[in-house]
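First up is the structure itself, then whatever we jot down about it.
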Amino acid sequence: MSSESQHYGEVQGILFKDAEATAIDFKQNVVDWIVRCRAEGGGIPTFRTGFAQKPFKSGNTLFVMGVCWMGSDIVQSQWFTNVPKEDHQHMHENHDDYTYILKKYGGKNVLARAIQAPVVV
């Protein structure tokens, strides 16, 4: 293993250190977290799927870290577990993370509420 690969492996390990202990189920919680970030916090929900081209995962279980970017800082970053493979792949490859998720799991009213919420800078 090259020193660069080892370095990135160590950094990913640090980033992923508390994921298994603090992660909450993706399908059950992600819509509420997105709405809190957008509507209550005025932030932009983004999702980190991995580091240095390696996905956040433990065995076959995929994780993502939700980050509420900007906003009023009332909504903290959150680890999610049991992320469906197709959702993880979509979030890794595209930049419409939260709208994609809300369309799939939240419905039209939830999507409209999130889109219409102002962004706090």
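Where a number appears in this text, it was derived from the coordinates with a stated rule and is not lab data. As the structure is a prediction and not an experimental result, all values here were calculated from the model. Positions of Cβ are backbone-derived with ideal geometry, glycine not excepted, and every protein chain shown enters the neighbour counts.
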Q. Total Lys pairs in the chain closer than 28 Å by alpha-carbon, pairs eight or more apart in sequence or interchain only?
A. 19
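Within the chain, what percent of beta bridges assigned by DSSP are antiparallel, to the nearest 5? Spell out each step's value before the answer.
Values: 12 of 14 bridges.
Approximately 85 percent, going by the DSSP bridge assignments.
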Q) How far apart, in nm, are the 7 Å Cα→Cβ label points at LYS27 and LYS85? A) 1.5 nm
Q) What nm distance separates the two modelled labels at ASN60 and SER3, each placed 7 Å from Cα along Cα→Cβ? A) 3.9 nm
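Relative to the present Cα-Cα distance, how much length would full extension add between ILE44 and THR99 at 0.36 nm per residue of separation?
Numbers: separation 55, 0.36 × 55 = 19.80 nm, distance 1.06 nm.
Gain in length upon complete extension: 18.7 nm.
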**Q.** Residue-by-residue Karplus 3J(HN,Hα) for the stretch 67-83, coefficients 6.51, -1.76, 1.60, Hz, glycine and proline x
**A.** 10, 8, 7, 6, x, 8, 6, 7, 10, 7, 4, 9, 7, 10, 10, 6, 6
Q) GNM on the chain, C-alpha springs below 10 Å: top fluctuator among GLY66, GLY41, GLY13? A) GLY13
**Q.** the chain - mean residue ellipticity at 222 nm from DSSP helices (-39,500 (n - 2.57) per run, n ≥ 4, rounded to 500)
**A.** -13000 deg cm²/dmol
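Do me a favour and compute the ellipsoid semi-axes for the stretch 7-121 from its Cα gyration tensor, root of five times each eigenvalue, largest one first, whole Å. List each step's numbers first, then the result.
On the way: eigenvalues 115, 47, 29 Å².
For the stretch 7-121, the semi-axes come out at 24, 15, 12 Å.
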